[in-house]
Amino acid sequence: MSQVSTSPALGIATKPERRDIGLRRRYAAERRFRLYGMAAIAFGLLFLFLLLFSVVSKGYTAFQQTMITIPIEFSEQIIDKNNERATNPQKLVTANYPVVARNALAKVLGVSEDDRAGLKAVNGMISDSVRVQLRNLVTADPSIIGTTQTVTVLAHGDLDSAFKGQIDLTVPETNRKVSDKQVGWMNQLAESGALSKHFNTGLFTNGASSRPEAAGVGVALIGSLYMMLIVLVLSLPIGVAASIYLEEFAPKNRFTDLIEVNINNLAAVPSIVYGLLGLAVFINFAGFPRSAALVGGLVLTLMTLPTIIIATRAALKAVPPSIRAAALGLGASRMQTVFHHVLPLAMPGILTGTIIGLAHALGETAPLLLIGMVAFVADVPATPMDPATALPVQIYMWANEAERAFVERTSGAIIVLLIFLILMNVGAILLRRRFERRW
Amino acid sequence: MNMMSEAAVEKALDRQMNDISYKMIGKDVSVYYGEKRALYDVNLNVRENTVTALIGPSGCGKSTFLRTLNRMNDTIDGCRVTGRITLDSDDIYDPNIDVVELRARVGMVFQKPNPFPKSIYENVAYGPRIHGLAKAKADMDAIVEQSLQKAGLWNEVKDRLHEGGTGLSGGQQQRLCIARAVAVSPEVILMDEPCSALDPIATAKVEELIHELRANFTIVIVTHSMQQAARVSQRTAMFHLGNLVEENDTDKMFTNPDDQRTQDYIMGRFG
């Protein structure tokens, strides 16, 4: 204390000359780098927005479908003129139902039964799918023959496009699919409320059809669902078991190094090669049916396995070695160490990798083309052995069609696919949050 | 005065030699990591119900020796151990010895606290559960309580047994790890620098705990702190460059070591 008070007063040290340590240059470099980063993100966002905008603006109309609600007379004269249906059940199946519908609409529009050109134009307003719709009604309940029922039928695809404003009516009448007369009737029906847009449930339930208004992704959805189930059931246990063995049990030697290199290479093999492999092994050699979701699922499993193995190994590697040491030090066996401690901690990473692998498989088209899943399948597959298509393949097929109504369906199917992918990724994030633990 | 204390030490040593037996005996123990040799023919015996401290500069092989005692070196690729280590009369590197059983008899506490990311209760109960030591839930509860009490942690955590073990402070986590090791009722507990990640207060608690545990367990502790070795151990072994330099009573080691290198290390001339 006394020392402090008696010490001589200290002056302030002289400041040395300021050095140029390049602060301006360093800060400028940092600002530049930030700018590059923001530009890169803006570029990415711009294209994401463009993609979504183009798909949604083209595709949202596909979720609505123009339908006509009219009273239809199930005339015995047309359906079963000679009253043979008791003896010949085929009669009700082969009857000329489009004429029944045409006559009903002609009556509403006041077109005479003798006006052949008029009737033809009226016929062009109703979808051909009315044949199946009315046939199903009649075969389900033959007693409606001779009565008049109010039925909602699909409008023809071209009329649907015209009603949605997708057909340019300034084009000369001869150069477009819808005549002025049909447009007039369309407006008349719309005013009376008989013609209106409904939610398009058919898009989700129908199979392939050459008539766009009756085409849907139902078969593709079921096919994709079967394939995802097969991929999940096969690739998750196989992939996780392989990763655990390689990461936790296998000796590190030249052979396991070779396996590791090969797994990494397999992840980079073009998917179409897996399609060829599937064609050779599953269809030509094992004799599985073509176009079946089973084969598609097996091919996609092969394709997804490397992704899952790599993700799982990375997740296992990320578990701190101290946890393994703690368990082994207590006398846990290696298997107990892995299953009680390492695997639960690696779970978020494994699940994320699996779901990203599944999402990748869901969007995969090329290998499915080679195993015959690019097919015209109208009936919903009951089992994975039945012919089916997949969502991306359905998009590919519709993109090749010419009709205007298929353009909106293509985009509509893309929206459906994107929604599934987003749902799966959200699921991955939620699972990750759910299982994530601090250590 | 020097002579006096030396005589007293000799006397104490004799007494210990007479009524204390060796729990583990290491004979000509050498360890290789691939081509590199980490330990050179170490002969070191561990006395029962005694705290043996292993000291020496970094990289001298003290941790390596510790890890040979419960074969934790087995988990390191390319690690090879020669020589003979016995626990009671069993050669622990005998092919007939099960490493899982060995580790149930020789527990370990690590340098960094490494509780499982589970509840405090589950951390302690895990060992007894995998070894089937508790038949009923009440037995397990008793084991957990006793272990936490032995580790001096019971009063601090008894109201939050089912909260995460990773939420405790560093010192509490390390005592939880000690409780976890104790719960298996091992015969020997190996501690690899158990206090190096702890502050002085937590260190004091763990050291006190080591003192108490000595009554029931044989303890081998690796430490960087010579003061700690002097405080907690009865026997000290000094390693240097993979060789065992000297092994002696702690009192003698820190007052009048036999080897010049020990003297230099303790005086702070190297290391």
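The values are calculated or read from the model by the stated rules, or taken from the named source; none is laboratory data. This is a predicted model, so every value here is computed, not measured. Glycine also receives a Cβ, built like all others from the backbone with ideal geometry; neighbour counts cover every protein chain displayed. We work out accessible area using only protein heavy atoms, side chains counted, and drop any ligands, DNA or RNA first. Shrake-Rupley method; radii C 1.70, N 1.55, O 1.52, S 1.80 Å.
Of note:
- Each principal axis of the Cα cloud of the stretch A:218-435 was taken in turn, and the coordinate range along them, longest first, works out to 69, 39, 29 Å.
- Span-like helix criteria (full DSSP H runs; alpha carbon extent of at least 30 Å along the helix axis; mean Kyte-Doolittle hydropathy of at least 0.0) are satisfied in chain A by A:23-59, A:218-244, A:293-317, A:404-435.
- The slack between B:Asp77 and B:Asn49, meaning 0.36 nm per residue of separation minus the straight C-alpha distance, is 6.8 nm.
- The Rg/Rh ratio of chain B, with Rg taken over Cα atoms and Rh as the Kirkwood radius over Cα pairs, comes to 0.98.
- Residue range of chain A that is longest and free of GluC sites (Glu not before Pro) which are both DSSP loop and sparsely packed (at most 14 other C-beta within 10 Å): A:114-435
- Charge dipole of the protein assembly as shown about the Cα centre (unit charges at C-beta), most positive-ward option of B:Ile76, A:Ile429, A:Ala382: A:Ile429
- Available extension along the chain between A:Arg24 and A:Asn136 is 32.3 nm, counting 0.36 nm per residue and deducting the alpha carbon span.
- Amide H contacts of B:Lys118 (H built 1.01 Å from N, under 5 Å, at least 5 apart or other chain): B:Gly165, B:Thr166
- Residues in the stretch A:271-304 reached by a label modelled at A:Met385 [backbone nitrogen below 11 Å; 7 Å Cα→Cβ]: A:288-289
- Residues of the stretch A:54-88 with amide N under 12 Å of the 7 Å Cα→Cβ point at A:Thr147: A:74
- Spin-label pair B:Glu208/A:Val261, simplified geometry with 7 Å Cα→Cβ offset, distance in nm: 5.9 nm
- Lys, Arg +1 and Asp, Glu -1 on Cβ, resulting dipole of the protein assembly as shown about Cα centre, debye, nearest 20: 1520 debye
- Solvent exposure of the stretch A:218-435 amounts to 44 Å² per residue of accessible area, where only protein heavy atoms count and the probe is 1.4 Å.
- Residue range of chain A that is longest and free of trypsin sites (Lys or Arg not before Pro) which are both DSSP loop and sparsely packed (at most 10 other C-beta within 10 Å): A:20-437
- Altogether, the Stokes-Einstein calculation at 37 °C and 0.692 mPa s, with the Kirkwood radius of the stretch A:70-110 over Cα pairs as Rh, returns a diffusion coefficient of 304 µm²/s.
- A straight line joining the Cα centroids of the stretch A:219-233 and the stretch A:1-72 runs 41 Å.
- Difference of contour (0.36 nm per residue) and Cα-Cα distance, A:Leu50 to A:Arg34: 3.3 nm
- Pairs from B:Lys118/B:Lys150; B:Lys27/B:Lys252; A:Lys58/A:Lys107; A:Lys317/B:Lys118 whose Cα-Cα separation, in the structure shown, is over 27 Å: A:Lys58/A:Lys107
- What the phi angles of the stretch B:29-46 give under the Karplus curve with 6.51, -1.76 and 1.60, with θ = phi - 60°, is a coupling list of 7, 10, 10, 10, 9, x, 7, 7, 9, 9, 9, 10, 6, 7, 10, 9, 10, 10 Hz, glycine and proline written as x.
- Span from the the stretch A:363-426 Cα centroid across to the the stretch B:166-198 one, whole angstrom: 58 Å
- In nm, spacing of pseudo-spin labels at A:Asn425 and A:Asp180 (7 Å Cα→C-beta vector): 5.0 nm
- Within the protein assembly as shown, the proportion of C-alpha pairs whose separation exceeds 52 Å stands at 44%.
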